Every structure is written in structure tokens, then in C-alpha cells.
Amino acid sequence: QLFDIFVAEIPWTVSSKELKEYFSQFGSVQRCQLPFDKDTGFHRRYCWIKFSTPQDVQNVLQKDSHILEGSKLALKLQSRRRRSQRRNPGE
């Protein structure tokens, strides 16, 4: 099972590699998903960080503020991402 943290307010200049490096100080980062805008070529200034254990997530949330390149990141615990609101036929 993977654990997600949603991160917003990411500076334009920060890459997914830098995000992964930053968050690895709190635990084992499985994945950093930083969506890009096809039109502008820039990322959308938010991402999901997947950690290995709930303890890693707690480590991140215990720190008061996370600052990258002078900007304060906005973090939110994402317990479960809903893929779709549709119900399975037959329910």
C-alpha cells in the first residue's frame, strides 16, 4: 500500500527530481507525480508524493513548514484518491 501527500504552491523552477530529493529526508519516496501542462510546457505547480509507510507521511506532516526555493509549499494528506465516482454495474 502506498501513501499520498498532495503538495501545492510548488515554484516553477523546482523539478520532480528536486521534490523527490527534498522529501526523501522524511522517508522512502516511492514516486513523485508532477503533472505538466502540454500547452505551456510548465508543470502545474502541484504534485503527489507517494511514501512507503504511514510513518514517513507523519514525519513530513510533523514539520511546520516546507520551503523550497523561497516558497512555502502547501501540503495536504491524501488518504485515498478516487479514480472515479461511477459505481460498478450490478451494484
Among the residues of the range 5-24, is there at least one that is modelled with pLDDT under 95 and among the acidic types (Asp, Glu)? no
For the range 64-91, enumerate the residues that are modelled with pLDDT under 95 and closer than 23 Å to Gln30 by Cβ. Lys76, Leu77, Gln78, Ser79, Arg80, Arg81, Arg82, Arg83, Ser84
Which one is farthest from Ala8 (Cα to Cα) among residues in the range 27-80 that are among the aromatic types (Phe, Trp, Tyr) and in contact (Cβ under 8 Å) with a residue 12 or more places away in the chain? Phe51
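The values are calculated or read from the model by the stated rules, or taken from the named source; none is laboratory data. What you are looking at is a predicted structure, and each value in this text was computed from that prediction instead of being measured. Note: ideal-geometry Cβ built from the backbone for every residue, glycine included; neighbour counts use all protein chains shown.
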